[in-house]
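Student: Sharing a structure with you now.
The values are calculated or read from the model by the stated rules, or taken from the named source; none is laboratory data. Computed from a prediction, not measured in an experiment: that's the story for all the values here. Cβ atoms come from the backbone with ideal geometry, glycine included; neighbour counts cover every protein chain shown.
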Amino acid sequence: MDEKIKVSMAKATLDLLKKDCEDFKFLRPDGRMNFNAFINVLIANFYESFSAIEEKLCDDLRAALSAVPAYYSEKALGEILKVLAKRENAREGKRESAVFSFKPTKVSARAVMCIQNTARDESLSSFFRRMFSAYAGKPKNEREKIVCAENLAVLLKAMKKGAAVCIALKSGGVFAHASLYAVSPAKDELFNYVLFYDGKNNMTVRLANVETVSLLAERAFVPEENAALFARQVECGAQYPFYSTDREPIRVQLTEKGKELFRKIYLYRPTPVSVEGDIYTFECSANQLLYYFERFGDRALILSPKRLGIFMRNYYHYALKKYRTIYKTE
């Protein structure tokens, strides 16, 4: 198919698609966003599940029209679907709209052909608008799974078979012999992370950063100690790796303002295992705790382990030095 397809949709949906394109690493060699490639992969990977949802709706409507003779019920079904599509498009139309064009490639050729042949008196623009809107309504980690469906399928197959894999990253890095532990979403439902043992260390990479995955004949093996660290990582937040040094509970003292911030700032917030007055105890990774509490300033004080308290002290110390060079006191 050589002709471009023009689609009109809510600007917010188009903005989300472009952001996903960037976040899921669909880039040209020069670093620019490859939006056409992203759209084609999205169509190829999402078409069947979206069609299944559509077919389920048709089945439910047929059941509701079961008392009507078949000839009339099918005709009524078509009219009802038109009304539903118009209502959905009207809802989208109330929002600021935008138009973009994409050129189908061999990646999406089969899906686009099916859409052209099965659309019920509906324009391609209208169908794709509804399809992209349905995609946009899913959490980001679910959208990442859709876009990265091919690699995800190989990863899940490898874990089921207990096979090792070779993982090549979009950055150029290669893990020639990786033993998978899990593909786990972040607690905030933003991204999915691939957790694996590379023969020496525990590794964590974003699913969207994986270029290719190849099954190997060798069996996967994750040492018990490394598996225990992975288990803690999945429980606390897959995006924050656990290291062998992350064994000691972390105790943080919060001021009243710190407690208020802790209640309000949800993103990346670690879960305390105990709270005694103003002392909060955590068993999360050091990375997660430092990243979260560095926003609190003097409202949070790391009491133990000592090395983390020293790290945070130095973090603020060097920041203070830089600010003093810019804003010198009289």
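Student: Residue 255: surrounded by fewer than 19 Cβ atoms within 10 Å (Cβ to Cβ), hydroxyl-bearing (Ser, Thr, Tyr) and touching a Pro at 6+ places or on another chain (Cβ under 8 Å), yes or no? Reasoning before the result, please.
Tutor: Details: surrounded by fewer than 19 Cβ atoms within 10 Å (Cβ to Cβ): yes; hydroxyl-bearing (Ser, Thr, Tyr): yes; touching a Pro at 6+ places or on another chain (Cβ under 8 Å): no.
Here the answer is no, as residue 255 does not meet what is asked.
Student: If you don't mind, there's one more thing I want to ask. Of these, 262, 242, which one is aromatic (Phe, Trp, Tyr) and not assigned by TED's automatic domain parsing to the domain that holds residue 302?
Tutor: Details: 262 fails: not assigned by TED's automatic domain parsing to the domain that holds residue 302.
Result: 242 is the single residue among 262, 242 that is aromatic (Phe, Trp, Tyr) and not assigned by TED's automatic domain parsing to the domain that holds residue 302.
Student: Hey, could you check the range 202-259 for residues that are assigned to a helix (DSSP H, G or I) and in contact with a Lys or Arg (Cβ under 6 Å, 6 or more places away or on another chain) and say which is nearest to residue 279 (Cα to Cα)? Full working, then the answer.
Tutor: Step one: list which residues in the range 202-259 are assigned to a helix (DSSP H, G or I), which gives 207-209, 224-236, 256-259.
Okay, now just the ones that are also in contact with a Lys or Arg (Cβ under 6 Å, 6 or more places away or on another chain), so 208-209, 257-258.
Numbers: 208: 38, 209: 38, 257: 14, 258: 11 Å.
Of everything passing the filter in the range 202-259, 258 is nearest to residue 279 (Cα to Cα).
Each row is one residue, and each column tells you yes or no for (1) under 16 Å from residue 212 (Cα atoms); (2) in a helix (DSSP H, G or I).
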residue	(1), (2)
100	no, no
131	no, yes
151	yes, yes
156	yes, yes
166	yes, no
171	yes, no
176	yes, no
179	yes, no
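Student: Tell me the residue from 182, 228, 220 that is outside the structural domain of residue 292 (by TED's automatic domain parsing), aliphatic (A, V, I, L, M) and without any contact (Cβ under 8 Å) to a residue 40 or more places away in the chain, please. Outline the logic, then answer.
Tutor: Numbers: 182 fails: without any contact (Cβ under 8 Å) to a residue 40 or more places away in the chain; 220 fails: without any contact (Cβ under 8 Å) to a residue 40 or more places away in the chain.
So the residue among 182, 228, 220 that is outside the structural domain of residue 292 (by TED's automatic domain parsing), aliphatic (A, V, I, L, M) and without any contact (Cβ under 8 Å) to a residue 40 or more places away in the chain is 228.
Student: Got at least one residue in the range 278-295 being of a type in the set (Gly, Ala, Ser) and surrounded by fewer than 21 Cβ atoms within 10 Å (Cβ to Cβ)? Walk me through how you get there before you give the answer.
Tutor: Initially, the range 278-295 is screened for residues of a type in the set (Gly, Ala, Ser), giving 285-286.
Going one step further and asking which of them are surrounded by fewer than 21 Cβ atoms within 10 Å (Cβ to Cβ), we end up with none.
For the range 278-295, residues of a type in the set (Gly, Ala, Ser) and surrounded by fewer than 21 Cβ atoms within 10 Å (Cβ to Cβ): absent.
Student: With the requirement that a residue be assigned to a helix (DSSP H, G or I), touching a helix residue (DSSP H, G or I) at 6+ places or on another chain (Cβ under 9 Å) and among the aromatic types (Phe, Trp, Tyr), what does the range 293-330 give you? Lay out the reasoning, then the answer.
Tutor: Filtering the range 293-330 for residues assigned to a helix (DSSP H, G or I) gives 293, 297-299, 306-326.
Filter again for touching a helix residue (DSSP H, G or I) at 6+ places or on another chain (Cβ under 9 Å), leaving 293, 297-299, 307-308, 311-312, 315-316.
Once the filter is applied, which keeps residues that are assigned to a helix (DSSP H, G or I), touching a helix residue (DSSP H, G or I) at 6+ places or on another chain (Cβ under 9 Å) and among the aromatic types (Phe, Trp, Tyr), the range 293-330 yields 293, 311, 315, 316.
Student: Anything in the range 146-180 that is of a type in the set (D, E, K, R) and touching a strand residue (DSSP E or B) at 6+ places or on another chain (Cβ under 6 Å)? List them, or say none.
Tutor: Taking the range 146-180 as the starting set, the residues that turn out to be of a type in the set (D, E, K, R) are 150, 157, 160-161, 170.
If the condition is that a residue be of a type in the set (D, E, K, R) and touching a strand residue (DSSP E or B) at 6+ places or on another chain (Cβ under 6 Å), then 170 is the only one that fits.
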